[in-house]
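The values are calculated or read from the model by the stated rules, or taken from the named source; none is laboratory data. Values in this document were obtained by computation on a predicted structure and should not be read as measured data. No Cβ is skipped: glycine too gets one built from the backbone with ideal geometry, and neighbour counts run over all protein chains shown. Please note that ligands, DNA and RNA were not included when accessible areas were found on the heavy atoms of the full protein model with its side chains. Shrake-Rupley method; radii C 1.70, N 1.55, O 1.52, S 1.80 Å.
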Amino acid sequence: GNMIQASDFTVEELEEIVQILKEAKEEGSIKENCRDQFATFDADANGYLDRKELRNFLKHAMSELKIHMPLDETVVDFIFGHIDKDKNHKIEVDELED
């Protein structure tokens, strides 16, 4: 199989993405449309994002923020784990706004 190795990304790079997303959020640029965005990517409208929905969200956020880096499963997992505070494998909107 063509598994992407986690080593393709340094933890620093991953932390950086998380940082950028946080900062963008604090600027309010994402914050105010965070709920809109959330609704957009919450495809099944069940009030939380699963991994697939998070991936779409990240893809969008990264292109908005002009972050050019491959969004692979490692990144998605890392960020998912980072945001999913209560580890229920769902990302609630409040977890995003934290």
remark   = Out of (1) part of a loop (DSSP other than H, G, I, E, B); (2) acidic (Asp, Glu); (3) open to solvent by less than 80 Å² (accessible area, probe 1.4 Å), the one Glu95 does not meet is (1)
request  = Only residues that are at pLDDT 60 or above and open to solvent by 60 Å² or more (accessible area, probe 1.4 Å): list them for the stretch 28-45, please.
outcome  = Arg35, Asp36, Ala39, Thr40, Ala43, Asp44, Ala45
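Select, from Asn56, Asn46, the only residue that is assigned to a loop (DSSP other than H, G, I, E, B), out of contact with any Gly (no Cβ under 7 Å at 6 or more places or on another chain) and of a type in the set (S, T, N, Q).
Values: Asn56 fails: assigned to a loop (DSSP other than H, G, I, E, B).
The conditions single out Asn46.
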